[in-house]
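The structure appears below as structure tokens.
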Amino acid sequence: ADVEGRSLPPLCTPCCCGVLNRTLAVAFMVLLAFAIVVGNVVTLTVFVQTRQSRTPQGYLKVSLAIADMMVGVLVVPFSVYTEISLMVTSAPPIWYHGSPTSPAALTSLGGPVGPWQPCMLIGPVFAGCTFVSISTIFLMTLERSVAILWPLHKDALVTRRRTLLLILLSWAASFLLALAPLIFSGNFTLEYNECSRMCNYTPLLFGGRLPPDANILLLFPAFDFTLLGGTLAVNIVSFTSIRLYTRKRKLLSEGSLSDAGGGGGGCLHRPSFSDIKAAKTIGILTFAFTASFSPIAVFVLGNVVGNTWCNFSFFAFWILTGNSCCNVIIYSVRDHRFRKGVTLLFQREHSPPHAEKT
């Protein structure tokens with residue numbers, strides 16, 4: 001900490017932040033940003049140009065794609081710019097150690113002085129988009145569970161208007177939570193961290209000690225794991241219903257269960273094949289997000305108790321960032337309608353208007 005009690009970003013050792021290491025890191029960031037932007041632009045284009053995708057589930061996929069693309073457009077390029085600046089110049093940018101919320105940057109009247117800290121924008125964007133992603137996956141799980149458990153009432157319960165309202169609420173709540181450490185505590189700032197190579201929430205140290213409200217950062221993993229737990233519970237209910245339905249179909253085909261015993265009624269309310277496959281796809285999305293977010297949760301817990309974990313923080317933050325290009329890959333493998341939309345999109349670009357469809 002400096003003389004004002006503000007925590008400075010931890011510096012990497014030469015082996016971790018040497019020229020070769022920074023060059024490799026920048027190359028990785030550029031490729032990742034390209035993959036995130038291109039993949040999610042394709043997702044959005046397929047939604048806009050494919051009428052069959054304009055469903056409540058399609059709107060949720062668009063919300064997820066927009067959150068992921070914001071990471072590729074704002075968060076990753078800022079890290080690339082900062083890393084290149086540190087490589088080219090001998091001194092860090094003028095804003096590197098400055099923050100409008102730090103004690104050193106406040107006047108006696110309480111107004112900010114000194115350079116504006118870009119991390120005050122980039123950090124909440126990354127955190128907010130992460131929360132939007134998990135809340136959207138949770139909403140997608142609920143939408144599929146309604147289609148599986150109450151297929152006859154799906155259109156009445158899950159409407160476009162309700163879906164759009166829930167999407168807006170999830171975005172508002174996610175970014176409010178991302179700003180919570182700055183709104184409800186004066187002991188946090190956002191600074192670029194050379195270990196994670198990202199903008200991180202940084203507690204202000206006073207006398208070498210963490211502030212008493214440092215555990216406010218635990219709101220982040222608590223929120224994510226609460227929604228992930230809810231998503232897992234809903235998935236268990238949905239897949240249990242699918243399993244029961246599959247078993248009933250098998251018994252009916254073997255003649256072990258008669259229609260009079262209620263089998264026929266079950267078939268009237270059977271979920272469609274597309275609903276079952278969509279539920280499985282969302283289950284994979286949930287698993288991928290849980291795997292990518294868990295290292296961050298471990299890092300936050302360690303950070304609250306005073307551990308730095310420099311090398312681990314880089315892998316934790318960038319594994320989570322890499323998840324922003326995983327969703328389109330999962331769609332490409334699992335979603336036939338999405339693959340068909342991509343095929344039609346590229347055929348439209350490279351073929352005559354009346355070309356034969358494959």
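Against the definition (within 30 Å of ARG22 (Cβ to Cβ) and either in contact with a helix residue (DSSP H, G or I) (Cβ under 9 Å, 6 or more places away or on another chain) or open to solvent by 20 Å² or more (accessible area, probe 1.4 Å) (or both)), how does PHE206 come out, yes or no?
On the way: within 30 Å of ARG22 (Cβ to Cβ): no; either in contact with a helix residue (DSSP H, G or I) (Cβ under 9 Å, 6 or more places away or on another chain) or open to solvent by 20 Å² or more (accessible area, probe 1.4 Å) (or both): yes.
Judged against the criteria, PHE206 is not a match.
With PHE184, PHE223 as the choices, which residue is modelled with pLDDT of 90 or more and either more than 19 Å from LEU121 (Cα to Cα) or open to solvent by 40 Å² or more (accessible area, probe 1.4 Å) (or both)?
Numbers: PHE184 fails: modelled with pLDDT of 90 or more.
Testing whether each residue is modelled with pLDDT of 90 or more and either more than 19 Å from LEU121 (Cα to Cα) or open to solvent by 40 Å² or more (accessible area, probe 1.4 Å) (or both) leaves just PHE223.
Going by what's in this entry, would VAL304 be described as surrounded by 15 or more Cβ atoms within 10 Å (Cβ to Cβ) and modelled with pLDDT under 80?
Working: surrounded by 15 or more Cβ atoms within 10 Å (Cβ to Cβ): yes; modelled with pLDDT under 80: yes.
Taking the combined requirement at face value, the residue satisfies it.
Is the range 168-179 home to any residue that is within 29 Å of LEU139 (Cβ to Cβ) and in a loop (DSSP other than H, G, I, E, B)? Full working, then the answer.
Filtering the range 168-179 down to residues within 29 Å of LEU139 (Cβ to Cβ) leaves 168-179.
Now drop any that are not in a loop (DSSP other than H, G, I, E, B), which leaves 179.
Within the range 168-179 (the criterion being within 29 Å of LEU139 (Cβ to Cβ) and in a loop (DSSP other than H, G, I, E, B)), the answer is yes, since at least one residue qualifies.
Table: residues versus (1) of a type outside the set (Lys, Arg); (2) buried (at least 23 other Cβ atoms within 10 Å of the Cβ); (3) at pLDDT below 80; (4) out of contact with any helix residue (DSSP H, G or I) (no Cβ under 6 Å at 6 or more places or on another chain).
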{"site": "SER90", "(1), (2), (3), (4)": "yes, no, yes, yes"}
{"site": "PRO93", "(1), (2), (3), (4)": "yes, no, yes, no"}
{"site": "GLY111", "(1), (2), (3), (4)": "yes, no, yes, yes"}
{"site": "GLY114", "(1), (2), (3), (4)": "yes, no, yes, no"}
{"site": "PHE126", "(1), (2), (3), (4)": "yes, yes, no, no"}
{"site": "TRP150", "(1), (2), (3), (4)": "yes, no, no, yes"}
{"site": "ALA156", "(1), (2), (3), (4)": "yes, no, no, yes"}
{"site": "ARG162", "(1), (2), (3), (4)": "no, no, no, yes"}
{"site": "ILE167", "(1), (2), (3), (4)": "yes, no, no, no"}
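Mind checking which pairs have a first residue in the range 229-242 that is part of a helix (DSSP H, G or I) and open to solvent by less than 50 Å² (accessible area, probe 1.4 Å) and a second that is of a type in the set (Gly, Ala, Ser) and modelled with pLDDT of 85 or more, Cβ under 6 Å, 6 or more apart or different chains?
Matching pairs, first to second residue: VAL234/SER145; SER238/SER145.
Name the pairs whose Cβ atoms lie under 6 Å apart, with the first residue in the range 281-293 and more than 16 Å from ILE236 (Cα to Cα), the second assigned to a helix (DSSP H, G or I) and open to solvent by 20 Å² or more (accessible area, probe 1.4 Å), and 6 or more positions between them or separate chains?
ALA288/CYS326; SER292/ILE319
Taking the range 142-193, which residues are polar (S, T, N, Q) and touching a Leu at 6+ places or on another chain (Cβ under 9 Å)? Please lay out each step first, then the result.
Of the range 142-193, the ones polar (S, T, N, Q) are 145, 159, 163, 170, 174, 185, 187, 189, 193.
Correct list: THR163, SER170, ASN187, THR189.
Test GLY283 against the stated conditions and say whether it is over 28 Å from THR136 (Cβ atoms) and either open to solvent by less than 20 Å² (accessible area, probe 1.4 Å) or modelled with pLDDT of 80 or more (or both).
Values: over 28 Å from THR136 (Cβ atoms): no; either open to solvent by less than 20 Å² (accessible area, probe 1.4 Å) or modelled with pLDDT of 80 or more (or both): yes.
For GLY283, the condition - over 28 Å from THR136 (Cβ atoms) and either open to solvent by less than 20 Å² (accessible area, probe 1.4 Å) or modelled with pLDDT of 80 or more (or both) - is not met.
Identify, please: which residue in the range 196-209 is modelled with pLDDT under 85 and within 20 Å of PHE317 (Cα to Cα) and is, among those, nearest to the chain's Cα centre (by Cα)?
Quick first cut of the range 196-209, residues modelled with pLDDT under 85 only: 202-209.
Remaining after also requiring within 20 Å of PHE317 (Cα to Cα): 202-203.
Working: THR202: 21, PRO203: 24 Å.
Among residues in the range 196-209 that are modelled with pLDDT under 85 and within 20 Å of PHE317 (Cα to Cα), the one nearest to the chain's Cα centre (by Cα) is THR202.
Anything in the range 183-215 that is part of a helix (DSSP H, G or I) and touching a strand residue (DSSP E or B) at 6+ places or on another chain (Cβ under 6 Å)? List them, or say none. Working first, answer last.
Going residue by residue through the range 183-215, those that are part of a helix (DSSP H, G or I) are 183, 214-215.
Result: ALA214, single match.
Give the residue, chosen from SER274, SER258, SER253, that is modelled with pLDDT under 85, open to solvent by 60 Å² or more (accessible area, probe 1.4 Å), touching a His at 6+ places or on another chain (Cβ under 9 Å) and over 17 Å from ASN200 (Cβ atoms).
On the way: SER258 fails: touching a His at 6+ places or on another chain (Cβ under 9 Å); SER253 fails: touching a His at 6+ places or on another chain (Cβ under 9 Å).
The match here is SER274.
The values are calculated or read from the model by the stated rules, or taken from the named source; none is laboratory data. Note that the structure is a prediction, hence the values are computed from the model and not measured. Note: ideal-geometry Cβ built from the backbone for every residue, glycine included; neighbour counts use all protein chains shown. Ligands, DNA and RNA are stripped out before the accessible areas are found, and what is left, the full protein with its side chains, is counted by its heavy atoms. Shrake-Rupley method; radii C 1.70, N 1.55, O 1.52, S 1.80 Å.
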